[in-house]
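To keep things clear, I will list the structure first and then write my remarks on it.
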Amino acid sequence: DISCDLTSDCLSNESCIDNVCQVQRCTAGPYDSLPPVGERVRLFTDAELGVVDAASWSGKYYIDGYSPNGSTLNFDNSWERGNSTPLDIAGGRFTSDHAEYYAIIEQGQGAIGLLTGNTPDWTVLEFYPTSLGAGDIDSDGTEEAFAASDDGRIAVCRLDKGQCDYASFEEDGVEILDIAGGDIDGDTYDEIVILMEIDGERLIYIHNND
């Protein structure tokens, strides 16, 4: 019976609300009230969108940047990549000035390119990446770039320093389909989120770095 007239009619750590015993929330109870998407997520901001070409136009590939404005998108800039095929793009505050830039990977390029101007600054990797993501895994305000190869290798890089740490899945039959970052548990540290396939079964793997 969860009906009540007084809080004393309920179990420990419950309150009598609308004549029903309920777990205490947002009060002096045993449960912390945390923002569900992390303290660093800023709502009502207009973040730019980056789009890479899936097909060439007049023999050239481009990366296009757009700024949202209400229900429309305004074209900002375009970066020509020549005959280099872009595979993936990620946005983030990759440098110490905390300005937002795009990072890219391209087919046949064993590196991550940071677009702070018209020409990328490349951080060389130990493998050829097929997917790219970003997140601030140490909550220092500067985001790391995550690159993954389809055969299970991962690089976590500080693009402003040109430095990377590496990891890999040793199991046979592991294929990484995509990689991303986000504060999954609301602790202000981003987790690395990996979409993978193991022996035909698709799984989401979350690496908690803290």
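The values are calculated or read from the model by the stated rules, or taken from the named source; none is laboratory data. None of these values were measured; they are calculated from a predicted model. For neighbour counting, all protein chains shown are included, and Cβ atoms are generated from backbone atoms with ideal geometry for every residue, glycine included. Heads up: the accessible areas ignore ligands, DNA and RNA and are worked out on the full protein's heavy atoms, side chains in. Shrake-Rupley method; radii C 1.70, N 1.55, O 1.52, S 1.80 Å.
Below are the figures for this structure:
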item	result
Selection within the range 66-82 - farther than 15 Å from Gly113 by Cβ and not hydrophobic (A, V, I, L, M, F, W, C)	Tyr66, Ser67, Pro68, Asn69, Gly70, Ser71, Thr72, Asn74, Asp76, Asn77, Ser78
Boolean, Ser33 is in contact with a helix residue (DSSP H, G or I) (Cβ under 8 Å, 6 or more places away or on another chain) and either modelled with pLDDT under 60 or not in a loop (DSSP other than H, G, I, E, B) (or both)	no
Selected residue (only one of Arg25, Arg81 is among the basic types (Lys, Arg) and modelled with pLDDT of 80 or more)	Arg81
Only listed residue being within 24 Å of Asp150 (Cα to Cα), of a type in the set (Asp, Glu) and more than 20 Å from the chain's Cα centre (by Cα), chosen from Asp121, Asp88	Asp121
Single unsatisfied condition, Ile154 versus (1) more than 28 Å from Lys60 (Cα to Cα); (2) without any contact (Cβ under 8 Å) to a residue 40 or more places away in the chain; (3) assigned to a strand (DSSP E or B)	(2)
Where a residue in the range 128-140 is in contact (Cβ under 8 Å) with a residue 60 or more places away in the chain and part of a strand (DSSP E or B) and its partner, wherever it lies, is of a type outside the set (Phe, Trp, Tyr) and surrounded by fewer than 21 Cβ atoms within 10 Å (Cβ to Cβ), with Cβ under 7 Å and at least six apart	Gly133/Ala180
Leading residue by the ranking (modelled with the highest pLDDT) among those in the range 146-172 that are surrounded by fewer than 14 Cβ atoms within 10 Å (Cβ to Cβ) and closer than 20 Å to Ile198 by Cα	Ala167
Options Glu175, Glu126, Glu197, Glu143: the member that is touching a strand residue (DSSP E or B) at 6+ places or on another chain (Cβ under 7 Å), over 23 Å from Trp79 (Cβ atoms) and open to solvent by less than 60 Å² (accessible area, probe 1.4 Å)	Glu197
Subset of the range 59-71 [open to solvent by 40 Å² or more (accessible area, probe 1.4 Å) and touching a residue at least 24 places away in the same chain (Cβ under 8 Å)]	Gly59
Top-ranked residue in the range 189-210 [being among the β-branched types (Val, Ile, Thr) and more than 21 Å from Cys157 (Cβ to Cβ); ranked as farthest from the chain's Cα centre (by Cα)]	Ile198
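Residues checked against (1) in a strand (DSSP E or B); (2) open to solvent by 30 Å² or more (accessible area, probe 1.4 Å); (3) of a type outside the set (Lys, Arg):
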position: Leu73; (1), (2), (3): yes, yes, yes
position: Asn83; (1), (2), (3): no, yes, yes
position: Ala90; (1), (2), (3): yes, no, yes
position: Asp97; (1), (2), (3): no, yes, yes
position: Ile104; (1), (2), (3): yes, no, yes
position: Leu114; (1), (2), (3): yes, no, yes
position: Asn118; (1), (2), (3): no, yes, yes
position: Trp122; (1), (2), (3): yes, yes, yes
